[in-house]
1. Ser66 versus Arg50, label points 7 Å from Cα toward the beta carbon: distance in nm?
2. Which GluC sites (Glu not before Pro) does region 1-96 hold that lie in a coil by DSSP with at most 14 other beta carbons within 10 Å?
3. Counting other beta carbons within 10 Å of each Cβ, put Phe77, Phe24 in order, fewest first.
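Quick note: the coordinates plus some simple rules give every number you see, no bench work behind them. Keep in mind that this is a model prediction, so the values were computed, not measured. Backbone-built Cβ (ideal geometry, glycine too); neighbour counts: all protein chains shown.
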Amino acid sequence: MLKDVRVLEVTESRGDRISLGQEFQVSAIIQLGGFQPQEVLVDLCHGRIRPDSDKTAGRQVTAMTSVGPVGDGRWQFDGSIHCDETGVYGYQIRLLPFHPYLFDPLYMNLVTWG
């Protein structure tokens, strides 16, 4: 069932440039396999790209919210990024398991990136 969990599509609502202080929206279509949206955490991990690598510096994590099903076990999740500093930004979608009694979802090492 875990092999069926993946990010299928990511879209954003911005042009080539965004001004300081603006926000842009990110939408992701996620294949959840046999899971329900309340059983996963979908995070938008973002930050400024370091000039000497392709890694982000000072990564921020914003929770994405479920918008609803789009069919065949696929769900749409939306989030936004607020650009509070200048430079080149990057982002990735991170999926983690969720349960109210789960102490640390990263501990299980069940992370899917997209």
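1. In this crude label model, Ser66 to Arg50 measures out at 3.6 nm.
2. Details: sites: Glu9, Glu12, Glu23, Glu39, Glu85; in loops: Glu85.
For GluC sites (Glu not before Pro) across region 1-96 that sit outside H, G, I, E and B with at most 14 neighbouring Cβ atoms in 10 Å, the list reads Glu85.
3. Details: Phe77 25, Phe24 15.
The order, fewest Cβ neighbours first, is Phe24, Phe77.
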